[in-house]
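Some notes on the structure that comes next.
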Amino acid sequence: MSTQTFSTLGVPTPLVTVLTSSGIDSPFPIQVDTLPDTLAGRDVLGRGKTGSGKTLAFSIPMVARLGGTLAGGRRRAGRPLGLVLAPTRELATQITNTMAPLADAYDLRVTTIFGGVSQSRQVAALKEGVDIVVATPGRLEDLMKQGLLHLDAIEITVLDEADHMADLGFLPVVTKILKATPSGGQRLLFSATLDNGVDKLVTQFLHNEVLHSVDEANSPVAAMTHHVFETSGNDAKKDLVYKLASGTGRRILFMRTKHHAKKLAKALTDAGIPAVDLHGNLSQPARDRNLAAFSEGSVKVLVATDVAARGVHVDNVDLVIHVDPPMEHKAYLHRSGRTARAGAEGDVVTICLPTQQKDVAALLKKAAIDVVPQKVNAESPEVLELTGDIAPYVKPSPRDVKPQGGNGNSNGKNAQRKRALREAQGGRPQRVTREGQPARDRSGRPPANENGTRRTGANKPSTNSGSRSYGTAAGGGQRQRAGRPQGR
């Protein structure tokens with residue numbers, strides 16, 4: 001860690017005070033490298049691994065430059081002055097949480113914009129006037145098309161994790177958004193790599209940019225220790241996963257599919273190890289609720305898919321477990337970067353079945369990770385050391401059981417009732433109308449009476465003085481509802 005301070009780097013006193021009160025006294029290498037240039041208004045390309053402190057590296061200069069000259073004095077509805085683009089909802093939310101205390105020091109308003117939720121609150125905030133918008137590209141473009149958001153007043157634009165935006169296919173939308181911002185504004189782009197078209201963004205939108213890279217040796221990610229645990233089969237793997245998940249510290253378990261993430265989180269919870277899942281099938285409120293439970297520490301185990309690998313920015317994650325090894329090395333690095341954040345140490349475990357040994361070896365070679373695999377079981381010393389103290393058993397809460405035979409709603413119950421009635425009667429039950437009268441048969445005629453005759457409109461008893469009218473000249477061939485008997 002550098003001996004420099006935020007003050008010596010040129011960070012204004014109000015922001016230094018906020019940082020100090022949050023327990024942030026010393027800047028990380030990427031902050032040391034970039035702050036003099038970003039505070040001076042230069043375009044910057046920052047390259048650094050996840051967990052290297054990029055969020056503060058761009059939040060500080062954005063707030064300092066906008067707040068120092070504006071202090072909320074030029075706020076206009078739907079026309080923010082600062083824009084941060086992030087690839088995921090979770091990351092956008094956490095950027096806002098990091099930036100908001102800094103913005104408060106200058107009376108700047110920050111709002112978050114992303115999809116998956118109603119836009120009404122986001123629109124209301126824009127109409128009231130905000131200074132900085134932190135957004136995902138899709139919803140931002142929607143609001144621009146609706147004329148609710150204009151980017152012609154943007155003075156500073158930040159692209160965070162641009163390489164992940166490229167992986168998700170956002171670059172065409174990001175290009176449109178950047179074209180809508182003034183060409184003379186300051187632009188900061190942070191990315192771990194420059195592949196998949198990120199280099200084209202740099203060429204097109206950054207001017208006389210300064211490149212700052214933080215190599216692995218100086219990054220907090222260097223405090224990460226990697227392990228490969230080989231198991232004899234699926235049963236041994238299950239025991240190993242449960243053991244590693246049972247410790248007292250925070251740990252994230254990564255799965256390949258949404259279904260398996262949900263299933264494992266439920267199974268761990270049922271086993272007395274409270275766990276929540278995070279994946280693309282969850283609604284936004286459920287994602288927020290689960291991530292909040294993990295961040296606050298009420299739940300220590302998060303089971304996630306790759307879609308969440310970039311979106312989880314929680315400090316003090318002791319252990320990342322690749323329950324399912326990822327498909328490619330970039331995913332491995334993104335997942336693993338959830339630990340060893342903010343200068344802390346952390347461990348990464350990849351669980352490997354006999355059939356996966358070749359693929360895992362190739363994966364780690366591409367990721368430039370040098371580690372010797374170990375054959376283990378749930379009680380091996382290496383496993384127990386990583387597990388640490390075992391957390392107390394937590395009795396799972398009762399769950400609502402969905403009825404069988406349907407889709408989890410009342411239709412399932414109705415199907416059960418119908419089957420039971422049919423079995424009791426020895427065949428298909430007679431359908432009954434809501435008035436308790438037998439329904440018409442398949443020919444459309446009323447069922448026969450006991451004497452074999454059928455009831456028709458002619459011999460049906462009337463319940464009022466009028467009769468039902470069908471297709472008279474006055475009715476224009478339409479059924480006259482006004483003449484409907486009251487008893488129906």
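The values are calculated or read from the model by the stated rules, or taken from the named source; none is laboratory data. Nothing here was measured: the structure is a model prediction, and the numbers come from that model. Cβ coordinates were reconstructed from backbone atoms using ideal geometry, including for glycine residues, and neighbour counts include every protein chain displayed.
Which of the following residues is hydrophobic (A, V, I, L, M, F, W, C) and either modelled with pLDDT under 90 or under 24 Å from Ala166 (Cα atoms) (or both): Ala342, Ala361? Reasoning before the result, please.
Values: Ala361 fails: either modelled with pLDDT under 90 or under 24 Å from Ala166 (Cα atoms) (or both).
Exactly one of Ala342, Ala361 is hydrophobic (A, V, I, L, M, F, W, C) and either modelled with pLDDT under 90 or under 24 Å from Ala166 (Cα atoms) (or both), namely Ala342.
Okay, residues lined up against (1) among the acidic types (Asp, Glu); (2) within 23 Å of Pro36 (Cα to Cα); (3) crowded, with 22+ Cβ neighbours inside 10 Å:
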site: Ala162; (1), (2), (3): no, yes, yes
site: Lys176; (1), (2), (3): no, no, no
site: Gly184; (1), (2), (3): no, yes, no
site: Lys200; (1), (2), (3): no, no, no
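Which one of these is at pLDDT 95 or above, closer than 26 Å to Ile60 by Cβ and not in a helix (DSSP H, G or I): Thr112, Thr193?
On the way: Thr193 fails: at pLDDT 95 or above.
Checking each option against the conditions leaves just Thr112.
Would you check which residues across segment 270-289 are touching a helix residue (DSSP H, G or I) at 6+ places or on another chain (Cβ under 9 Å) and in a helix (DSSP H, G or I) and list them?
Our first condition is that a residue be touching a helix residue (DSSP H, G or I) at 6+ places or on another chain (Cβ under 9 Å); within segment 270-289, this holds for 271, 273-282, 284, 287-288.
If the condition is that a residue be touching a helix residue (DSSP H, G or I) at 6+ places or on another chain (Cβ under 9 Å) and in a helix (DSSP H, G or I), then Gln284, Arg287, Asp288 are the ones that fit.
I'd like the full set of residues that are buried (at least 16 other Cβ atoms within 10 Å of the Cβ), more than 24 Å from the chain's Cα centre (by Cα) and either part of a helix (DSSP H, G or I) or not small (Gly, Ala, Ser) (or both), limited to segment 93-109.
Leu102, Ala103, Tyr106, Leu108
Every residue in segment 163-177 that is touching an Asp or Glu at 6+ places or on another chain (Cβ under 9 Å) and closer than 22 Å to Lys54 by Cα, please.
Step one: filter segment 163-177 for residues touching an Asp or Glu at 6+ places or on another chain (Cβ under 9 Å), giving 163, 166, 173, 176-177.
Selection gives Asp163, Ala166, Ile177.
For segment 222-241, enumerate the residues that are under 24 Å from Val394 (Cβ atoms) and buried (at least 17 other Cβ atoms within 10 Å of the Cβ).
Lys237, Leu240, Val241
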